[in-house]
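Report on the following structure.
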Amino acid sequence: MGNRGVLIGSIVFVFGSFILMVSLLLYESYKANKMKALASSIKTEARPAQSSAPALDYSMYKTKISDEGREMVQVPEGPFIMGSKDGDPDETPERQTYLKAFYIDTKEVSQEEYARFAKMTKRALPKIEVFEDDQSKLLRPEFAAMSMTWDEAVAYCKWAGKRLPTEAEWEKAGRGEGKRKYAWGDTFMSGRANANVDGSEDGFRYLAPPGSFETGRSPYGIYDMTGNVAEWVADSYDEHYYQKAPYRDPKGPEPGELKVVRGGSWRETQHNARLSKRFAAKLWRTDITIGFRCASDVEVGDSPTASK
């Protein structure tokens, strides 16, 4: 009987030890999965969310380096669809518009680049509003320049031997010849633009360095046409301008205090980040969501279809 009791006790001990070991393994596995989930939920301000989309080839479009050392891409001559019948009233009528070839900056102007211009022209740097008691969240050399007036954006482009793009040029540069809503297509996708109503799903809480979203480029390879900073364009704003705009190379209505802002920003909703969306702002307005890029005409001798 004694031996039988020892045997039974041994069996119970081994079985209990096995159950305990399995329980510990399951608990450790549970903890590991929780830590993994926590780590994956943490967003940083220094690195964008990655997209699995394959990189596209934009080598068929000619590029050049402008006088201030920034890359520009040539948007070829031809028609495109401007406006939207599914957007706001000032985006109608949706219509075909024909543009001559032009160059446009591949990236938005950065704070470092704008500071160089300000130093060389003895201008004051843009002042920004109080921002959560910590302006350093927005003021970094690599971030997109912002909070300059329309006149200051015009002055930078003139200093660089360029100009602001027209509203039509800006929209074609973002959409291509089709009717896509965003630079990459018709569906808003995280990881392709810095635009999510102050959210962090794109990897940035506020501003981002221009060119951070490789898979969010436009059909011509242009960065940040959706989100990051909205952008001043050359045109004055008229709610009804599309109803009377010419078919070829529209330049906007007569000059006025209201100017057009395009592209949405890091604060915008998906609706307001659409490429056809139009914003109006007083030309003297400064805002932490508004920046710019420049454009230029194609010079004599440049071929609209030349390769890199």
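Enumerate the strands (runs of 3 or more DSSP E) found wholly within segment 49-159, keeping only those where 1 or more residues are farther than 19 Å from Gly263 by Cβ and touching a residue at least 12 places away in the same chain (Cβ under 8 Å).
Here the list reads 63-65, 71-75, 78-82, 95-99.
In the list Gly203, Gly178, Gly174, which residue meets the criterion of being closer than 24 Å to Pro250 by Cβ, modelled with pLDDT under 95 and of a type outside the set (D, E, K, R)?
Sole residue among the options that is closer than 24 Å to Pro250 by Cβ, modelled with pLDDT under 95 and of a type outside the set (D, E, K, R): Gly178.
Residues are listed down the side, and each one gets a yes or a no for (1) buried (at least 16 other Cβ atoms within 10 Å of the Cβ); (2) among the hydrophobic types (A, V, I, L, M, F, W, C):
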{"site": "Thr106", "(1), (2)": "yes, no"}
{"site": "Gln111", "(1), (2)": "yes, no"}
{"site": "Phe117", "(1), (2)": "yes, yes"}
{"site": "Met120", "(1), (2)": "no, yes"}
{"site": "Ile128", "(1), (2)": "no, yes"}
{"site": "Glu142", "(1), (2)": "no, no"}
{"site": "Ser147", "(1), (2)": "yes, no"}
{"site": "Val154", "(1), (2)": "yes, yes"}
{"site": "Ala160", "(1), (2)": "yes, yes"}
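Could you check segment 212-308 for strands (runs of 3 or more DSSP E) lying wholly inside it with 3 or more residues that are under 20 Å from Tyr156 (Cα atoms)?
Because the criterion is at least 3 residues that are under 20 Å from Tyr156 (Cα atoms), the strands (runs of 3 or more DSSP E) in segment 212-308 that meet it are 230-236, 258-262, 295-297.
The values are calculated or read from the model by the stated rules, or taken from the named source; none is laboratory data. Because the structure is a prediction, the values reported are computed rather than measured. Every residue, glycine among them, receives a Cβ derived from its backbone with ideal geometry; neighbour counts consider all protein chains shown.
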